[in-house]
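These notes concern the structure reproduced below.
The values are calculated or read from the model by the stated rules, or taken from the named source; none is laboratory data. Owing to the predicted nature of the structure, the values given are computational and were not obtained by experimental measurement. Using ideal geometry, Cβ is built from the backbone for each residue, glycine included, and neighbour counts are taken over all protein chains shown. Surface areas here come from the heavy atoms of the whole protein model, side chains and all, with no ligands, DNA or RNA. Shrake-Rupley method; radii C 1.70, N 1.55, O 1.52, S 1.80 Å.
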Amino acid sequence: MSSMTFGQKSFQPTPPDKGSFPLDHEGLCKKSMISYMKCLFINKNDNSACRKEAKEYLSCRMDNNLMAKEEWTKLGFTTEDVSNKQ
C-alpha cells in the first residue's frame with residue numbers, strides 16, 4: 001500500500017503566533033534556567049518564591065530572541081517587580 005494518495009494535498013504546518021517558542025539548543029539561557037529550576041525545587045514548586053529567577057530567565061530568552069519581547073506586566077510581573085531591575 002502506498003503512503004501517498006494521488007490528488008491529496010500535502011500538509012504544510014504553520015507555527016502559532018503565540019504560545020510556542022524555540023528551544024534553547026545553544027544553551028544561551030541554560031544558567032538562568034537551571035537557577036530557576038533549582039529555586040522551584042528548593043521551594044517545593046512555589047513559583048512566587050522564585051520571581052527574581054523567573055525574571056532573569058525570561059529576560060535572557062527575550063534578549064536572545066528565544067521568545068517574543070513582552071511587557072513585564074503582561075508576563076505576570078507587577079510594576080514593583082519591574083522597578084526592582086538587577
Query raised in the report: Based on what the data block shows, is GLU56 outside any loop (DSSP other than H, G, I, E, B), acidic (Asp, Glu), modelled with pLDDT of 75 or more and in contact with a helix residue (DSSP H, G or I) (Cβ under 9 Å, 6 or more places away or on another chain)?
Result: yes
Query raised in the report: For residues in segment 60-77 being open to solvent by less than 70 Å² (accessible area, probe 1.4 Å) and free of Cβ contacts under 8 Å to residues at least 24 places away in the same chain, which is nearest to ASP24 (Cα to Cα)?
Result: MET62
**Report entry** Selected residue (only one of LYS38, LYS44 is on the phi > 0 side of the Ramachandran plot, open to solvent by 50 Å² or more (accessible area, probe 1.4 Å), modelled with pLDDT of 95 or more and not acidic (Asp, Glu))
**Finding:** LYS44
